1. When only alpha-carbon atoms count, how far does the range 1-114 stretch along each of its three principal axes, as whole angstroms with the largest first?
2. Of Asp172, Asp44, Asp213, which is the most mobile in a GNM of the chain whose springs link Cα atoms less than 10 angstrom apart?
3. Choose one of Ser167, Leu216, Gly200: the residue whose Cα lies farthest towards the positive end of the charge dipole of the range 144-218 (beta-carbon charges +1 Lys, Arg; -1 Asp, Glu; about the Cα centre).
4. For a quick check: sort Val67, Val164, Val46, Val145 by the number of other beta carbons within 10 angstrom, fewest at the front.
5. Based on alpha-carbon centroids, what's the gap between the range 131-147 and the range 58-95 in Å, whole number please?
6. Which longest uninterrupted range of the chain lacks any trypsin sites (Lys or Arg not before Pro) assigned by DSSP to a loop state (not H, G, I, E or B) and surrounded by at most 16 other Cβ atoms within 10 Å?
7. Using modelled amide H (1.01 Å from N, peptide plane; none on Pro or chain starts), what sits under 5 Å from the amide H of Gly86, excluding residues fewer than 5 places away?
8. Over the residues of the range 52-190, compute the C-alpha Rg and express it relative to 2.2 N^0.38 Å.
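Read the figures in this text as sums done on the coordinates, not as results from a lab. From a predicted model like this one, the values you see are computed outputs, not experimental measurements. Don't worry about glycine lacking a Cβ; one is built from the backbone with ideal geometry, like all the others, and counts go over all protein chains shown.
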Amino acid sequence: MDDVVSARRTPRLSLSERIAATQFGAKAHWPGGFEVYRTGTAADGVFIVLHGHVVLRTPMKGGRGFVSGIAMPGETFGAEGLAPHGCYVTDAKAADGVETLHLGNEQFRALMREQPVQAVSLIGQIMAERSNLLQRLQELASLNVEDRLVSVLIRLSEDTGFMVDDSTLKLDSSHHRLLCEMVGATRESIALALSRMVNGGVATRAGTCFVIDTQLLASRLPSVRFDEQTPLQLAKESARA
């Protein structure tokens, strides 16, 4: 079961790699709810989360939004700034007590010159997160609400801020909007899926809070890979006269 969870865990920069990067970047502390940057603004470099987490949200009509990811300690966000003429494609909002390290493009190039091994690790981290995002897109396209919720809950269990102990994830009413915007579903659908988890023994309810057993949750992790050995049958277009 632990193997299932570790297989889905997003890689993170080690403490030594974060310390090495601090020689080149600028640290900042962000209060809860502070907007680090906004969609469509000019992007520069990349951010590394040192403590806490940052929510990456795309605003939609009617005040709704879609959360494409949460950047946790040792992970990055805002890597759009490494592209030529880059601009941010999400809003980035800090949770309580967030500390980040920002490497602008000049600082990133200095890191590559002076600490190439650390720079390669940082690039590898960004690519791992890109792979995780592609997997999220696959889940949105192919899984139902409950399976997507399981995947999101396992992701949240990687952040100690959501955990009660090593195996218990606690969600209160303030987390419902986050779940809706990460899963891409209505509040009613999320509530129904959580209720089914309670009935299945994976979760318990205490008032407005849900307590999730992440070890049992891992056994419900969906597998949606197609069999690569099975060729797709493509219909040939009939020749035109």
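1. 48, 44, 26 Å, listed from the longest principal axis down.
2. Of Asp172, Asp44, Asp213, the most mobile in the Gaussian network model is Asp172.
3. The residue sitting farthest along the positive end of the dipole is Gly200.
4. So the ranking, lowest neighbour count to highest, is Val164, Val145, Val67, Val46.
5. 18
6. 65-224
7. For Gly86, whose amide H was placed from the backbone, the distant partners under 5 Å are Ala43.
8. Taking N as the residue count of the range 52-190, the ratio is 1.14.
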